[in-house]
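Structure record follows, encoded as structure tokens.
The values are calculated or read from the model by the stated rules, or taken from the named source; none is laboratory data. Bear in mind the structure is a predicted one, so any value in this text is a computation, not a measurement. Cβ coordinates were reconstructed from backbone atoms using ideal geometry, including for glycine residues, and neighbour counts include every protein chain displayed.
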Amino acid sequence: MRVTVCELPHEPAALAAAWAALCEHTVRHSSELVLLPELAMVEPLWQDEIFDAARWEAAQELSDAWLHRLPELGVAKVVGTRPVTIDGRPFNQGFLWSASGDLVLLRRKFFVPDEQGCWEARWFDRGDADFTEYQIDGWSFGLNICTELWAVETYATYAEHGVQVILTPRATASVTTAKWLSAGLVAAVRSGAFSLSSNRVDPTGTCGGVGWIINPYGNILAVTNTDAPFATVNIDLSVSATARDDYPCYVLSGKRQQPGSAKCVV
């Protein structure tokens, strides 16, 4: 399966240019799945401490409008998150868009920070505590939204259920890139799944870009950067099953194997 990760700005002029370039990239590389950054396209409302209903409504309308432009990517599937209001409550909700026009609503972000410059708890209610396994077209994925990449307890369950890909849309700072990449490595190795992440980017570094594609053995297959903000890799999903029979997954799962039957890859 050919997958694309990216880093995207939100400022209208910069986004217009980046979007055109991303569409050209995905078509040229025959991508099948695109992972968008967390709350792509909308302004970073959560950087302000006080909730503003008018700005929230505008962000929802803008996000909904961008759903109608996803066919421009020329891909079969797109995963991202968007601001939604459900029963009068604001959430950061994942979605899976298909070229057929179907929109599948995924889990809502549960772990939301509440600190200077990242007042998510003032803008979003906590969503779903369960980290669901999603099945689509014969493959499976989990959605850990930004901060939820640090929910390491979810990886054992993903491994047990045979999840093949962990998707992580992010909005994280440039100064913490190395830390986030290390979490992506742990996610891949502990779950025996591919770890994919896309990040927002802005001129201030408040969101610092760098998306990645990591295989189940912890090998970094691709990262994005300022000069190459998009990356596409053809991943072999069958590798996930092999990785779960290898170290450390088989040990942590309690599987018993004959001596020498598991290759230890570190």
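Within the range 194-244, the set of residues being hydroxyl-bearing (S, T, Y), in contact with a strand residue (DSSP E or B) (Cβ under 6 Å, 6 or more places away or on another chain) and either under 23 Å from H161 (Cα atoms) or not in a strand (DSSP E or B) (or both) comprises S195, S197, T224.
Restricting the search to the range 178-204, which residues are of a type outside the set (A, V, I, L, M) and either at pLDDT below 95 or within 16 Å of L35 (Cα to Cα) (or both)?
G184, F194, S195, S197, S198, N199, R200, D202, P203, T204
Among the residues making up the range 208-255, those that are among the aromatic types (F, W, Y) and either without any contact (Cβ under 8 Å) to a residue 60 or more places away in the chain or in contact with a Pro (Cβ under 9 Å, 6 or more places away or on another chain) (or both) are Y217, Y247, Y250. A count restricted to the range 1-22 and to residues that are in a helix (DSSP H, G or I) and crowded, with 19+ Cβ neighbours inside 10 Å stands at 3. The single condition among (1) without any contact (Cβ under 8 Å) to a residue 24 or more places away in the chain; (2) surrounded by 17 or more Cβ atoms within 10 Å (Cβ to Cβ) that G94 does not meet is (1). In this structure, does A159 turn out to be without any contact (Cβ under 8 Å) to a residue 12 or more places away in the chain, more than 18 Å from H10 (Cβ to Cβ) and out of contact with any strand residue (DSSP E or B) (no Cβ under 9 Å at 6 or more places or on another chain)? No; evaluated as a whole, the condition is false for this residue. When each of V165, V175, V201 is tested for being free of Cβ contacts under 8 Å to residues at least 60 places away in the same chain and β-branched (V, I, T), the lone residue that passes is V175.
L35: of a type outside the set (S, T, N, Q), surrounded by fewer than 17 Cβ atoms within 10 Å (Cβ to Cβ) and within 15 Å of the chain's Cα centre (by Cα), yes or no?
Working: of a type outside the set (S, T, N, Q): yes; surrounded by fewer than 17 Cβ atoms within 10 Å (Cβ to Cβ): no; within 15 Å of the chain's Cα centre (by Cα): yes.
No, not satisfied.
In the range 23-40, the qualifying residues are those that are part of a loop (DSSP other than H, G, I, E, B) and touching a Gly at 6+ places or on another chain (Cβ under 7 Å), and the one that is farthest from F230 (Cα to Cα) is A40. In the condition set (1) surrounded by 15 or more Cβ atoms within 10 Å (Cβ to Cβ); (2) on the phi < 0 side of the Ramachandran plot, N219 is compliant with all but (1). Selection of first residues in the range 113-129 that are free of Cβ contacts under 8 Å to residues at least 60 places away in the same chain and of second residues that are of a type in the set (K, R) and in a helix (DSSP H, G or I), restricted to Cβ pairs under 8 Å at least 6 apart or on distinct chains, gives the following pairs, ordered by first then second residue: D114/R122. Of the residues examined, D102 is not one that is surrounded by fewer than 18 Cβ atoms within 10 Å (Cβ to Cβ), within 19 Å of the chain's Cα centre (by Cα) and over 25 Å from G208 (Cα atoms).
None of E43, E49 is assigned to a loop (DSSP other than H, G, I, E, B) and either under 27 Å from V223 (Cα atoms) or under 17 Å from the mean Cα position of the chain (by Cα) (or both) except E43. S140 passes every criterion in (1) modelled with pLDDT of 95 or more; (2) assigned to a loop (DSSP other than H, G, I, E, B); (3) farther than 26 Å from G208 by Cβ; (4) touching a helix residue (DSSP H, G or I) at 6+ places or on another chain (Cβ under 9 Å) apart from (2).
What's the total number of residues in the range 105-123 that are in a strand (DSSP E or B) and among the hydrophobic types (A, V, I, L, M, F, W, C)? So the count comes out to 3. Determine which single condition R126 fails, assuming it passes every other condition in (1) surrounded by 21 or more Cβ atoms within 10 Å (Cβ to Cβ); (2) in a loop (DSSP other than H, G, I, E, B). For R126, the failing item is (1).
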